[in-house]
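For reference, the structure is listed below as structure tokens.
The values are calculated or read from the model by the stated rules, or taken from the named source; none is laboratory data. As the structure is a computational prediction, the values presented were derived from the model and not from experiment. Backbone-built Cβ (ideal geometry, glycine too); neighbour counts: all protein chains shown.
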Amino acid sequence: MVYLFCGLFGSVLIAAVVTPLFRKDDSLESAIIEETEWDLLQRKKEVVLSNIQDLDFEYKCGKLSDEDYKQIRGQMGSEAASVFRHIDEIESTQDLDALIRREINLRRNRSAADAQVKCTACGVTNPTFNKFCAECGAKLKT
């Protein structure tokens, strides 16, 4: 009987510890961590520049012929130019601080619109985590 109780208790404890690891988090904090197009382009720029450095090293070591080096270097150069041009377009058309503020507001509005409760007393919409109306103080029904 004791072994059964210990086994059951251990199973429940392990399930309680492991469950949060598999739960999808839709909170604002997790949404902010998501990468924007500018972040992805910055990472791609680093990869392309690293590949060009590796190609130059391989050529200097004599592992590539002149024709192969020129062809691959031209392709990588055009890819790098495309990434740089796209980054410049994003940075020139939008102030990055304004871009960040707009992205945060969009995500806040999206999460706030998804989770709102209307007060039955005054009709004001409140976030679902409020227990009382922010306008009139009436208890909210959840």
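Each residue in the stretch 60-86 was checked for being of a type outside the set (Asp, Glu) and in contact (Cβ under 8 Å) with a residue 12 or more places away in the chain, and 9 of them qualify. Of all residue pairs spaced 6 or more apart or on separate chains, those with beta-carbon atoms under 7 Å, a first member in the stretch 107-118 that is within 21 Å of Lys131 (Cβ to Cβ) and a second member that is modelled with pLDDT of 60 or more and in a loop (DSSP other than H, G, I, E, B) are Ala115/Thr128; Gln116/Thr128; Val117/Thr128; Val117/Leu140; Val117/Thr142.
Considering Glu29, Glu67, the condition of being under 17 Å from the mean Cα position of the chain (by Cα), loosely packed, with under 10 Cβ neighbours inside 10 Å and either modelled with pLDDT under 85 or among the charged types (D, E, K, R) (or both) is satisfied by Glu29 alone. Looking at the stretch 116-130, which of its residues are of a type outside the set (Val, Ile, Thr) and not in a loop (DSSP other than H, G, I, E, B)? Correct list: Gln116, Lys118, Asn126, Pro127. Taken over the stretch 32-64, the criterion of being modelled with pLDDT under 80 and surrounded by 12 or more Cβ atoms within 10 Å (Cβ to Cβ) is satisfied by Ile32, Thr36, Trp38.
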